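Heads up, the thing below is written out as structure tokens.
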Amino acid sequence: MSQKTYEESKKAVVKGLFLLGFVTLIEVFISLFAKGHIIAGLNDFVWIGYAAGLVIAVLSIYKAYFIIYEFMHMAYEVKGLAITVLLPTSLLIWALFAFFQEGSAWKARRQLVKEKNKISIEPSKEKQGLMDESLFFRL
Amino acid sequence: METTEKLLEPHENHTDGSWEGAAAPFNISYGKLMMWYFLLSDAFTFAGFLIAYGALRFSSPSWPVPDFVFSTAPFGIHDAPLIFVTVMSFLLIISSVTMVRAVQEGHRENKRGVVFWMFLTIIGGAGFLGCQAWEWTNLIGKENMTVTTNPFGSHVDAGTYLDEKGNATGETFKAGASFLMHKSEAGGHGEEGHAEGHHALAKGDHPNAFVDNQSFIHRKFKVISGPNSGDIETEEFGPKAFGALFFFITGFHGFHVLSGVAFLLIIMINVASGVYASRKNGYEMVEKIGLYWHFVDLVWVFVFLVFYLF
């Protein structure tokens with residue numbers, strides 16, 4: 001199954017351990033950095049938060065790639081197997097965008113309802129409708 | 001003349017695998033292929049939960065800041081944001097690595113090696129579960145978070161807290177700052193300085209706080225920024241969905257870890273008693289539980305990302 005010798009794969013495992021641990025540490029550091037725990041006041045800049053989020057997301061996807069391809073041996077399997085597993089998963093990217101958009105829309109709609117509820121309208125004193133009131137059929 | 005028996009003959013000869021008929025698709029055993037597809041379906045379940053978390057978070061005007069919510073650790077450590085969950089992540093990564101070693105020893109038919117590395121994997125998994133149990137106990141027991149109650153709120157505008165007479169104190173906060181509402185009984189969260197003198201208030205309205213029927217203390221503050229500047233407001237509960245999503249998603253992941261540990265234990269005992277040594281497909285069962293165990297680590301990468309890092 002594995003194309004490496006025993007000694008080589010033992011070394012690769014240690015390398016993998018340090019790689020995953022190191023990437024995780026960097027992620028935590030960036031997250032805390034963007035939230036102003038390392039340099040106070042940085043969390044006031046919105047774009048730093050977005051940039052940090054993007055970097056952390058990319059690093060997490062790299063971690064996922066490493067786990068799937070090295071630890072789960074996807075790199076040594078037939079290409080067809082990799083496609084049947086990874087292609088359906090990659091379709092979820094669309095769901096990500098669609099549902100986050102939907103979430104933002106809920107927020108905007110809730111805000112709109114709140115604002116509309118605050119508006120008070122005086123009942124109109126002018127005559128309503130076209131028919132004269134004396135023509136109404138009353139019981 | 002061909003008989004039915006003759007047609008079936010190739011099937012009878014094909015006994016070296018679970019596939020009936022022609023060659024195995026993708027050049028992989030039946031069990032491993034099905035494990036991959038089970039993991040694919042499981043990935044969709046987790047993706048559904050995590051996307052729901054994202055959608056609800058986007059739909060909420062405020063959200064508890066994770067580095068404030070998850071800043072406590074055992075042994076009385078406070079204000080250590082994300083440190084404890086980082087330790088939990090390391091535990092899972094290390095147990096994933098020891099699992100790779102177990103699979104490698106399986107390829108070499110080294111029974112003792114497989115048992116040793118699987119044992120370390122089980123220790124790692126159990127350690128992770130222990131950490132999660134502590135985290136949940138702290139959130140439920142000390143910080144009073146439940147599936148339907150979320151005492152972690154956040155301020156919309158900057159402001160300053162009021163004292164017992166209703167006057168502004170020097171204790172100010174910025175817009176977007178998070179807070180934790182404590183309960184009125186003595187010995188609540190025990191975070192000194194943060195809620196000093198607020199632990200023994202009677203239910204009802206006070207100049208500096210409002211105590212609700214569940215004895216949560218909603219502290220009062222004066223807004224000092226934004227359009228409502230100058231108003232006196234009270235702390236409100238954070239978005240309810242936070243508690244439900246947190247316990248449901250980390251609980252679902254924790255249950256995967258728990259069942260993983262159970263299966264690892266069973267397979268380790270089987271290895272130790274020599275079940276796989278005498279079987280034709282050797283230590284393939286170790287490879288299969290290995291795939292599952294790496295998947296649990298893989299899911300944690302994303303749970304860690306959305307709950308703790310963002």
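Rule-based calculations on the coordinates, nothing more; no lab input. Quick caveat, the model's predicted, so the values are computed rather than measured. Heads up, the Cβs are rebuilt from the backbone with ideal geometry, glycines too, and the neighbour counts pull from every protein chain shown.
Worth a mention:
- Once the Cα atoms are used to define both axes, helix B:83-107 deviates from the longest principal axis of chain B by about 0 degrees.
- Modelled spin-label separation between A:L86 and A:W106, with each label point placed 7 Å from Cα along the Cα-to-Cβ direction: 3.3 nm.
- Spacing of the modelled spin labels on B:F255 and A:I61, each 7 Å from Cα toward Cβ, amounts to 3.0 nm.
- Using θ = phi - 60° and Karplus 6.51 cos²θ - 1.76 cosθ + 1.60, couplings along region A:30-41 (whole Hz; Gly, Pro as x): 4, 4, 5, 4, 5, 8, x, 8, 9, 10, 4, x
- Between helix A:79-90 and chain A: long-axis angle, C-alpha atoms, 0 to 90°, nearest 10: 30 degrees
- Taking a ≥ b ≥ c as the square roots of the Cα gyration tensor eigenvalues, region A:1-126 comes out oblate, since a/c reaches at least 1.5 and a/b does not exceed b/c.
- Phi-based couplings in Hz for region B:139-155 (Karplus 6.51, -1.76, 1.60; Gly and Pro marked x): 5, 7, x, 9, 9, 6, 8, 10, 4, 10, 10, 10, x, 8, x, 9, 7
- Distance between the C-alpha centres of region B:207-239 and region B:276-297: 56 Å, rounded to the whole angstrom.
- Residues whose amide H comes within less than 5 Å of that of B:S225, counting only those at least five positions distant or on another chain, are B:A158, B:G230 (H built at 1.01 Å from N in the peptide plane).
- Burial ordering of B:V223, B:V115, fewest other beta-carbon atoms within 10 Å first: B:V115, B:V223
- A simple rule links phi to the HN-Hα coupling: the Karplus curve 6.51 cos²θ - 1.76 cosθ + 1.60 with θ = phi - 60°, which for region A:15-28 gives 4, x, 4, 5, 4, 5, x, 5, 4, 4, 4, 4, 4, 4 Hz, with x for Gly and Pro.
- When only alpha carbons are used to place a centre, region B:78-144 and region A:92-115 end up 37 Å from one another.
- Placed amide H near B:A209: partners under 5 Å, 5+ positions off or other chain: B:K220
- In percent, rounded to a whole number, the relative contact order of chain B is 21, using alpha-carbon pairs under 8 Å and six or more apart.
- Seen against the Cα atoms of chain B and their longest principal axis, helix B:30-58 is set at about 10 degrees.
- Ranked list, fewest to most other Cβ atoms within 10 Å of each Cβ, for A:S60, A:S90: A:S90, A:S60
- Neighbour-limited loop hits for GluC sites (Glu not before Pro), region B:223-285 (at most 15 other Cβ within 10 Å; DSSP other than H, G, I, E, B): B:E236
- Close lysine pairs were tallied over chain A: pairs 8 or more places apart or on different chains with Cα atoms under 24 Å apart number 12.
- Inter-probe distance in nm under a simple model that places probes 7 Å from Cα toward Cβ, at B:E236 and B:E164: 3.0 nm
- Cβ-to-Cβ counts within 10 Å put A:K63, A:K125, A:K79, B:K174 in ascending order as A:K125, A:K79, B:K174, A:K63, the fewest first.
- Listed by chain and number, the lysines whose C-alpha is less than 21 Å from the C-alpha of B:K142, apart from same-chain residues fewer than 8 away, are B:K183, B:K203, B:K240.
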